[in-house]
Amino acid sequence: MIITIAAVAQNNALGKDNDLLWHLPDDFKRFKSLTTGHYIIMGRKTFESFPKPLPNRTHIIITRQKEYPVPDNCFVANSLTKAIEMCPKNEDIYIIGGGEIYKQSMDFADKLEITKVHQSFDADTFFPEIDDNKWKLHEEVFHPEDEKHKYSFSFLTYLKK
Ligand SMILES: NC(=O)c1ccc[n+]([C@@H]2O[C@H](COP(=O)([O-])OP(=O)(O)OC[C@H]3O[C@@H](n4cnc5c(N)ncnc54)[C@H](OP(=O)(O)O)[C@@H]3O)[C@@H](O)[C@H]2O)c1
């Protein structure tokens with residue numbers, strides 16, 4: 001299954017200046033537990049927003065650059081379809097951003113794992129609208145704000161209709 005995973009603000013904001021807009025440790029934990037052991041597909045800018053590759057995941061980085069150098073356990077593809085072709089079949093693969101890649105992924109994804117942050121932010125990168133005609137909300141789990149989480153959020157799982 002192809003799963004798009006993203007943390008999205010109330011106004012669909014994803015990031016600014018190639019960085020995230022919030023620090024939500026329980027969302028990071030969930031991202032880690034879902035994606036560990038799997039192939040993860042991302043745009044070149046998202047890859048460059050990490051200090052180093054994420055442990056125990058095989059990275060596929062999408063770029064138009066011909067000879068983009070990458071570390072071990074990272075591979076390069078020159079389109080989203082090529083990236084998907086490089087992943088093992090019949091396994092869950094995760095599309096992890098950013099804005100450009102999410103936009104292109106909506107036709108390919110079978111499932112969306114959205115962390116909806118209940119706040120709007122000034123941003124330069126946004127998640128596309130989730131079309132109710134194409135996606136059905138399957139599960140919703142609320143997480144309140146607390147001393148470690150400045151904003152409340154909900155884990156929303158959508159399945160393609
Ligand atoms: N909130 C979240 O869950 C979340 C998740 C991930 C990222 N983010 C945020 O999103 C922002 C980054 O997103 P972004 O939209 O700026 O960049 P991005 O989607 O991460 O990467 C864009 C790059 O991908 C490559 N690319 C895109 N489409 C392509 C295609 N069809 N064929 C070949 N290469 C293609 C290009 O690389 P080249 O220029 O090298 O050709 C392009 O510059 C950051 O702020 C990051 O923190 C947020």
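With respect to the conditions (1) assigned to a helix (DSSP H, G or I); (2) surrounded by fewer than 18 Cβ atoms within 10 Å (Cβ to Cβ); (3) of a type outside the set (A, V, I, L, M), Lys45 falls short on a single one, namely (2). Applying the set (1) assigned to a strand (DSSP E or B); (2) within 14 Å of the chain's Cα centre (by Cα); (3) of a type in the set (Ser, Thr, Tyr) to Ser154 leaves exactly one unmet item: (2). Filtering region 83-98 to residues that are surrounded by 13 or more Cβ atoms within 10 Å (Cβ to Cβ) and either more than 18 Å from the chain's Cα centre (by Cα) or not in a strand (DSSP E or B) (or both) leaves Ala83, Ile84, Met86, Cys87, Asp92, Ile96, Gly97, Gly98. Are any of the residues in region 37-44 at pLDDT 95 or above, closer than 14 Å to Lys116 by Cβ and not charged (D, E, K, R)? So far as region 37-44 goes, no, none of its residues is at pLDDT 95 or above, closer than 14 Å to Lys116 by Cβ and not charged (D, E, K, R).
Just one residue in the set Ser105, Ser152 is touching a residue at least 24 places away in the same chain (Cβ under 8 Å), away from the ligand (no atom under 15 Å from the Cβ) and of a type in the set (Ser, Thr, Tyr); that residue is Ser152.
Residue-by-condition table, conditions (1) more than 23 Å from Cys87 (Cα to Cα); (2) crowded, with 20+ Cβ neighbours inside 10 Å; (3) of a type in the set (A, V, I, L, M):
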residue	(1), (2), (3)
Ile5	no, yes, yes
Ala9	yes, yes, yes
Lys16	yes, no, no
Arg30	no, no, no
Gly37	no, no, no
Ile40	no, yes, yes
Thr58	no, no, no
Thr63	no, no, no
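Residue check: Lys148 meets all listed conditions (1) under 19 Å from the mean Cα position of the chain (by Cα); (2) over 27 Å from Lys45 (Cα atoms) but one, namely (1).
Are any residues in region 75-96 closer than 18 Å to Asn56 by Cβ and free of Cβ contacts under 8 Å to residues at least 24 places away in the same chain, and if so, which ones? Hit for region 75-96 is Phe75, nothing else. When region 138-151 is filtered for residues that are under 14 Å from Thr115 (Cβ atoms) and part of a strand (DSSP E or B), the ones remaining, listed by number, are Glu139, Glu140, Val141, Phe142, His143, His149. Any residue that is touching a helix residue (DSSP H, G or I) at 6+ places or on another chain (Cβ under 9 Å) and acidic (Asp, Glu) - is there at least one of those in region 101-111? No; the residues of region 101-111 include none that is touching a helix residue (DSSP H, G or I) at 6+ places or on another chain (Cβ under 9 Å) and acidic (Asp, Glu).
Residues that are near the ligand (Cβ under 10 Å from one of its atoms) and either of a type in the set (Gly, Ala, Ser) or in a loop (DSSP other than H, G, I, E, B) (or both) were ranked within region 67-82; the one that is nearest to Lys111 (Cα to Cα) is Ser79. Which residues, taken from region 1-43, are of a type in the set (A, V, I, L, M), touching a strand residue (DSSP E or B) at 6+ places or on another chain (Cβ under 7 Å) and near the ligand (Cβ under 9 Å from one of its atoms)? Listed by number, the residues that qualify are Ile5, Ala6, Ala7, Val8, Ala9, Ala13, Leu14, Leu21, Met42.
The values are calculated or read from the model by the stated rules, or taken from the named source; none is laboratory data. If you're wondering where the values come from, they're calculated on a predicted model, not measured in any experiment. No Cβ is skipped: glycine too gets one built from the backbone with ideal geometry, and neighbour counts run over all protein chains shown.
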